[in-house]
Amino acid sequence: MDGDTLKGDMRRLVILKTVIELYIQYGEPVGSRVIAESFLQNVSSATIRNDMAALEQLGYLQQPHTSAGRIPTNRGYRFYISQLMKREPLSEENRELIDAELVCGDLNPKVLVENATDLLSRLTDCASVSATGRMNESIIMKVDVIPVSRRLYALIMVTSSGAVENRVCRLDIDLTPEQIAFFVRFIRENVTGMRVEEMTNERLVELGLGVGAYNMALAPLLYGVYDITRKLKEQQVTIKNEASLLRHGIIGKDDLAVLLEEKQRILQLLESDPNGLTIRFGGAGGLSMENSSLIICPYRQAGGIMGYFGVIGPRRMDYGRVIPYVEYLSETVTRLLTEGLEEDRSKPARMRRDPGGSLVTL
């Protein structure tokens with residue numbers, strides 16, 4: 001009997017759903033007597049035991065000890081989440097709370113995502129996870145160059161995802177005001193507006209040829225722009241509220257170092273760029289923390305995935321309550337990021353004066 005056949009066996013579906021929900025609530029193995037007395041009063045304990053044994057053979061339940069009741073397996077949780085679980089809709093009060101903290105807060109993309117992950121942790125009592133996506137789809141909005149000292153120049157790049165990166169470049173000569181103005185104008189015409197993924201080795205060579213006689217002077221700045229985009233193509237994972245992992249018994253006081261390994265596992269998961277809500281459990285092929293589960297969802301901007309955020313909690317977490325929070329926050333952040341990008345594109349270009357006093361478009 002596989003999952004499709006199980007869907008037609010209502011009694012075993014009720015037993016599986018009951019075992020999982022009681023285990024989520026109390027954290028104790030569930031026996032046949034409890035189910036017979038409170039949930040299936042017209043079915044004998046012997047029949048329920050047989051059904052539980054069959055569910056164990058199918059891999060949905062397991063018996064931690066010979067004399068104990070059953071607890072769900074990872075396969076059981078997956079089937080429950082996809083087929084049996086009832087999601088708790090967010091209350092109007094919780095929606096208003098999320099909107100008040102995000103919509104009315106700082107809409108800088110980086111700050112917005114940080115606020116969303118912090119809020120998610122508070123609402124779910126789980127550790128929050130945020131992962132910057134490989135920002136291939138992110139658009140380069142602005143590149144500026146600022147003289148720091150003799151032959152030292154700071155490059156600052158701002159992208160549509162809210163990333164603000166900088167590099168300090170050492171040059172062989174001091175640039176003239178005309179060279180700085182040329183570089184800013186050249187970048188605006190040839191780099192601003194392109195996607196991060198378009199800044200390749202080949203594109204760097206083309207840009208070098210494009211600056212013509214300025215190539216020798218500006219080559220370090222051009223490579224600095226390339227180096228920033230190279231970093232933006234990488235992914236990084238941040239885990240906050242690690243104390244909740246201690247409270248839920250997922251890790252011990254001496255096991256915080258395991259979070260470094262967990263970050264690498266999450267990065268490996270995101271290499272496939274999952275398009276929707278993704279759940280992974282502790283154990284083989286999942287997280288290294290055995291008694292844990294990861295719920296993670298992408299947030300987008302103008303259709304492209306900008307990153308991910310979600311929670312790490314106990315494997316027996318209340319998925320029906322937690323998942324709607326993750327999804328609603330993802331939808332809200334996506335909407336705000338997309339609206340912010342459209343607003344930025346509609347703004348007129350700003351001007352500043354370069355060191356020589358000339359106006360330069362930003």
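With respect to being closer than 20 Å to Lys110 by Cα and either of a type outside the set (S, T, N, Q) or loosely packed, with under 14 Cβ neighbours inside 10 Å (or both), Ile187 falls outside the description.
Among the residues of segment 14-73, those identified as in a loop (DSSP other than H, G, I, E, B) and either farther than 20 Å from Asn291 by Cβ or free of Cβ contacts under 8 Å to residues at least 12 places away in the same chain (or both) are Gly31, Phe39, Leu40, Gln41, Asn42, Val43, Ser44, Leu58, Thr66, Ser67.
Only residues that are among the polar types (S, T, N, Q), in a helix (DSSP H, G or I) and exposed (fewer than 14 other Cβ atoms within 10 Å of the Cβ) were counted in segment 74-104, giving 2.
Of all the listed residues (Leu267, Leu259, Leu222), the sole one being aliphatic (A, V, I, L, M) and touching a residue at least 60 places away in the same chain (Cβ under 8 Å) is Leu267. Looking at Ser330, Ser293 in this structure, which one is assigned to a helix (DSSP H, G or I), touching a Pro at 6+ places or on another chain (Cβ under 8 Å) and not assigned by TED's automatic domain parsing to the domain that holds Ser160? Answer to the selection: Ser330. Being of a type in the set (Val, Ile, Thr) and over 26 Å from Ile323 (Cβ atoms) is true of Ile48. For Met317, indicate whether it is touching a residue at least 12 places away in the same chain (Cβ under 8 Å), farther than 26 Å from Glu96 by Cα and over 13 Å from the mean Cα position of the chain (by Cα). Against the criterion (touching a residue at least 12 places away in the same chain (Cβ under 8 Å), farther than 26 Å from Glu96 by Cα and over 13 Å from the mean Cα position of the chain (by Cα)), Met317 does not qualify. Comparison of Leu171, Leu155 shows that the only residue that is at pLDDT 90 or above, among the aliphatic types (A, V, I, L, M), over 30 Å from Cys297 (Cα atoms) and buried (at least 20 other Cβ atoms within 10 Å of the Cβ) is Leu155.
May I ask you to verify whether Asn201 is surrounded by fewer than 20 Cβ atoms within 10 Å (Cβ to Cβ), free of Cβ contacts under 8 Å to residues at least 40 places away in the same chain, within 29 Å of Glu137 (Cβ to Cβ) and not assigned by TED's automatic domain parsing to the domain that holds Asp273?
Working: surrounded by fewer than 20 Cβ atoms within 10 Å (Cβ to Cβ): yes; free of Cβ contacts under 8 Å to residues at least 40 places away in the same chain: yes; within 29 Å of Glu137 (Cβ to Cβ): yes; not assigned by TED's automatic domain parsing to the domain that holds Asp273: yes.
Criteria met by Asn201.
The values are calculated or read from the model by the stated rules, or taken from the named source; none is laboratory data. All values reported here derive from a predicted model rather than from experimental measurement. Cβ coordinates were reconstructed from backbone atoms using ideal geometry, including for glycine residues, and neighbour counts include every protein chain displayed.
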